[in-house]
Every structure is written in C-alpha cells, then in structure tokens.
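Below is one structure, written out as structure tokens, with a few remarks after it.
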Amino acid sequence: MKTKFWHLNKNEDIRTQLAEAAKLIREGEVVAFPTETVYGLGANGLDSKAAKKIFAAKERPADNPLILHIADKAAMGLLAVDLSPNAVRLMDEFWPGPLTLIVNKSIIVPIEVTAGLDTVAVRMPDHPIAKALIELSGCPIAAPSANKSGKPSPTKATAVQEDMDGVIAGIIDGGISDIGVESTIVDTTSLVPTILRPGGVTLEMLEAVLGAVEIDPGLLLVNQKPKAPGMKYRHYAPKAEMYLIEGVFAAEQISFFVNRATKAGKKIGVLADAATVSLLANSSQVVAHSWGNTQAELAEKLYDYLRCFDQEEVDVIVAQGVSEEALGLAIMNRMRKAAGNNILKAERGKLLLQRGTIPSFL
Ligand code: AMP
Ligand code: MG
C-alpha cells in the first residue's frame, strides 16, 4: 500500500488540508494523526472492519482494546451508558486533555473495539488537528498509539513512518506531540475511581478533584494482572536490552555501569540527569542523553530518546530512575516497561538486583 503523507501548513486552513484524510477514515481506512500525548493510528470507531485494520497494522494482540477519540463532550452520551457522577466531574475538569475514561459501553460500540469488554475507553484530545479530523470524519476515531505493538510510541511523524510506511493509508504530520507520554486511564465504573495507566493528568490532579483515587495494584506489583489489558505486555521497548537504576545513589552507579559495559566492548545508551551525563567519558561507545530540566521535558522526549538508541544501534541501555511524584509516576511506569522490568537498586557503593536479570558484564 502506498502511504500518503500530509505535512500540514499552519498558515493555511487546517480543514481543507485534512479533507482527504477524513474521507479515507469515512471509507474505513487507517490514518495516523497527531495528538497532544502521542501520535494515534486512527480509524472509524463504529466500524468493526476498520477497527480490525488497526490491529493488523499494529500487529496488536486482539485482547487489547482501543481508545475512542471524540471532539465534543456530547458524543460521550452516544458511546456510554450509566455514566457515573465521577466520570462527569472528570470530563468537566480535564477535557479536552490527556485523560481517558473507562465507562460502560453502549450497543453502538463494536466489540472489536473493546476486545469483548462491556466497557469502553473514551478520550477528548486537546489538539487542533485531532479535533478537526474527528469532526470532519463525522465519527469517533478509534486510535491506539501509532507504533508497532511493543515499540516506543511515536511523538513525531517520522517515527510513525518508521513503523507504518506502506502499511496504512496515510500519515498526517502535525509536528511534535508535546506531552510525549500516553493519556492517563481512569476506570470510572469502579466504586473508587482507579488509575489503570498513569499519564499526563497526574494522581495529585485527580485527587484534588475526586478525593479518593486508587491505583491499579497490577501497575505496582509484578505478579498481579493489570486491569487495562494492554499494561501486561512488554511495551515502549527499544531493541537493546535496557536496565533501570533506581534509588538516591543511582547517579554514581550509572557511571560504574557504563564503565563496566564499555570495558566489555559494548556500545551503551545512557539516559540520566545532566550532572551524571556530563561526568561520562566522551567516547564513541557512549550515546548519552540528559533528562532536561523538568519532568515535562523528560516526558516529551523519552520515546524519542529510546528510538534514537535504536538508530544508534547501541547494545545496551541504562536509565536513571526519577521521583514518582506528579508526572514522574507515568515516566517511571514507561521506563520500567521499556526495561522489561530489569530493575537495579543503587545503594551507597553497591548495585542490587531488584527484578529481572543482571547483565553479564557487571
Ligand atoms: P493505546 O491505545 O496504545 O494507548 O492503549 C490503550 C490502552 O487502553 C491499553 O492499555 C488498553 O488495554 C487500555 N484500554 C482500552 N479499553 C479499555 C477498557 N475497556 N478497559 C480497560 N482498559 C482499556
Ligand atoms: Mg500504545
């Protein structure tokens, strides 16, 4: 399949430029588009055949449901039944924005979209191109992240091309997704609203509106099955084996890890704070990125760094853990998954294996 590519010009009318993409969506095709979180792989969310094309393009397991994207809050009334007061409060407070709500589905939502569940995930993105595309298509757009299943999510159109060129009908280039990690998913059907995936809307922000909020134990405990089917897969993963070093002494242990890896002849990708990166030896064997100055900056660039390590063909990656406050909860969730749960704990002068495996060169 020849994939169309639309590079949008901000100075011209967005709707005119999106007309062809919207027509393809109406015809049941798959088109990738930008949102404020990551790029989505979109198709008509009320058309089961179109939804199946998303699963095929992504090579996504059929038990992993899709999120429906809408352009106005009223559309929720068509997709959901028995909406809880908490769901309404969250829509009022955080939509449009990086928050997905799990609600009881109405009969118009195909089971292919929900992977057979009685609930459906719905989000109203805060992005002018996503909004215009949904409106022009005249339907909710089912859209998971526009990467091949298991790989880091794309935050720019060229990253979508790496995974989807020749596989889908079109890609809309709308620049960089500035939040950079996927939406927060909150189950509003449980008695106490529960975070199934941390994201751009933080636990602290949700608590300020709702009072009590739970976190799905499956996110925190290795041997507990997560409630969002997608969270059980290794995800967001670069090609090289990745290790996450957590704890207050992580910085000193990153240097130790890098020394051991390079001595063993490995090319290593490093993601750490600026001070740690500046202390690393300047060598062609070390590809180092500093976090940046804020959590928001790290979230925005995280997937791009992981994809860049793939392009540099590093043999191994080491990342320094961050505090789990605010956006840090989402960042740590993605980094732990990218590391396939290879987690090391740094203590003064030593590195302990917490989960997963330890590299042979240590
Ligand atoms: P993605 O679209 O790639 O951001 O992934 C969507 C995430 O939402 C996956 O982790 C899904 O398992 C989760 N999800 C979608 N629908 C539901 C649902 N009805 N109940 C629980 N999780 C869901
Ligand atoms: Mg995804």
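Each value in this text was obtained by applying a stated rule to the coordinates, not by laboratory testing. All values derive from a computational prediction rather than experimental measurement. Backbone-built Cβ (ideal geometry, glycine too); neighbour counts: all protein chains shown.
Helical content alone sets the calculated 222 nm signal of the chain at -9500 deg cm²/dmol, taking -39,500 (n - 2.57) per DSSP H segment of four or more residues and averaging over every residue. For Lys53, Lys58, the sequence from fewest to most other C-beta atoms within 10 Å is Lys53, Lys58.
Please sort 331-337, 286-292, 114-120 by packing, taking for each peptide the average over its residues of neighbouring beta carbons within 10 angstrom, highest first. Provide the component values of the computation, followed by the final result.
On the way: 331-337: 22.1, 286-292: 19.3, 114-120: 16.7.
Those peptides, ordered most packed to least, come out 331-337, 286-292, 114-120.
Suppose we take every Cα in the chain and form the convex hull; what volume per residue is that in Å³?
Given the Cα convex hull of the chain, per-residue volume reads 138 Å³.
Against the main long axis of the alpha-carbon atoms of the chain, helix 295-311 sits at an angle near 80°. Axis of helix 128-137 versus longest Cα principal axis of the chain: the two differ by about 40°, to the nearest ten degrees. Per 5 Å bin, what is the whole-percent P(r) computed from every C-alpha pair distance within the stretch 292-362? With a bin width of 5 Å, the distribution comes to 3, 13, 24, 23, 20, 13, 3. Using a cutoff of 8 angstrom between alpha carbon atoms and counting only pairs six or more residues apart, the relative contact order for the stretch 209-362 works out to 33 percent.
Taking K and R as +1 and D and E as -1, what net charge do the other residues with C-beta under 14 Å from the C-beta of Ala274 add up to? Result for the local shell: -1. Quick check: net charge around Lys227, other residues with Cβ under 15 Å of its Cβ, Lys/Arg +1 and Asp/Glu -1? Neighbourhood net charge equals -2.
Could you list Lys2, Lys52 in order of exposure, starting from the residue whose Cβ has the fewest other Cβ atoms within 10 Å? Each step should come with its number before you reach the end.
Details: Lys2 8, Lys52 16.
Ordered from fewest to most neighbouring Cβ atoms within 10 Å, Lys2, Lys52 come out as Lys2, Lys52.
Note on the chain: GNM, Cα springs under 10 Å; of Asp92, Asp187, Asp216, the largest mean-square fluctuation is that of Asp92.
Multiplying the residue separation of Phe5 and Ala296 by 0.36 nm and removing their Cα-Cα distance gives an extension gain of 101.9 nm.
For the cross-link pairs Lys267/Lys337; Lys156/Lys301; Lys263/Lys337; Lys58/Lys301; Lys53/Lys148, the ones whose C-alpha atoms lie over 19 Å apart are Lys267/Lys337; Lys263/Lys337; Lys58/Lys301.
Each Cα pair under 8 Å and six or more residues apart adds its separation to the average, and for the chain the resulting relative contact order is 18 percent. The label-point distance for Glu27 and Ala274, in a model that sets each label 7 Å from Cα toward Cβ, rounds to 5.0 nm. Of the candidates Asn282, Asn147, Asn44, which one comes out as most mobile in a Gaussian network treatment of the chain with C-alpha springs shorter than 10 Å? It is Asn282. Taking Leu101, Leu136, Leu327 in turn, the Gaussian network model of the chain (Cα-Cα springs below 10 Å) assigns the largest fluctuation to Leu136. As a length-normalised measure over Cα pairs under 8 Å and 6 or more apart, the relative contact order of the stretch 91-133 settles at 48 percent.
Within the stretch 187-209, list the residues whose amide N lies under 18 Å from a label point set 7 Å along Cα→Cβ of Arg355. Output list for this probe position: 195-199.
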